[in-house]
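These notes are about the structure you will find just below.
Laboratory data are not the source of any read-out in this text; all were calculated from the coordinates shown. Remember, predicted model here, so these are calculated numbers, not experimental data. Cβ placement follows ideal geometry from the backbone for every residue including glycine, while neighbour counts extend to all protein chains displayed.
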Amino acid sequence: MAVLSFMATSIAAAAEIRQRQVVDDVEIVLAVLHAEREPEPRIESQYEHHLVVWLFDKSTSKSLKGAQVKAEVAEAGYAGSGKLLKPMMVEGKPAYSGFFAMPGRSEYRIMVQIKRPGKPRVIEAHFEYRHHHKLR
């Protein structure tokens, strides 16, 4: 329940897109923010987006740390680009993040792969994203 209130509070405050998915015993929360909304806006591209992933133990709602998290972003129907996400603190919680170019106003597929310490299996979550803001 704590995770859901975290999501509701953050969504109202940040007005970004967040999605939630449970795979095995891991609750995965994905946020997609336009890079211009960052505290230190990135000037590389007006089309760049910041992906943030939070991981929680489903039974305890505690943050999961020390995972290796990879994301792949692809415009629907095309091959995508993938990269390892960097661990960082976001909104006071451990998270994993990276920047991806999303230039078209179409739909994007986002695949997140998670390798947890001490667990032999990599888990995957699949999300869909459509731009929620006006592009210049």
Report summary line: Output for the range 44-87: GluC sites (Glu not before Pro) sitting in coil per DSSP, at most 12 other Cβ within 10 Å, listed by number, reads Glu44
Query raised in the report: How long are the three semi-axes of the equivalent ellipsoid of the range 49-108, in whole Å, if each is the root of 5 times an eigenvalue of the C-alpha gyration tensor, listed from largest down?
Result: 25, 12, 11
Query raised in the report: If we count other beta carbons within 10 Å of each Cβ, what is the order of Leu85, Leu30, fewest first?
Result: Leu30, Leu85
Report task. Order by neighbour count: Met88, Met102, fewest other Cβ atoms within 10 Å first, most last. Result -> Met88, Met102
Query raised in the report: What is the calculated FRET efficiency for Ser106 to Gln68, with r their C-beta to C-beta distance and R₀ = 25 Å, to the nearest 0.05?
Result: 0.30
Report summary line: At R0 = 41 Å the Cβ-Cβ FRET efficiency linking Ala79 and Ser59, nearest 0.05, sits at 0.65
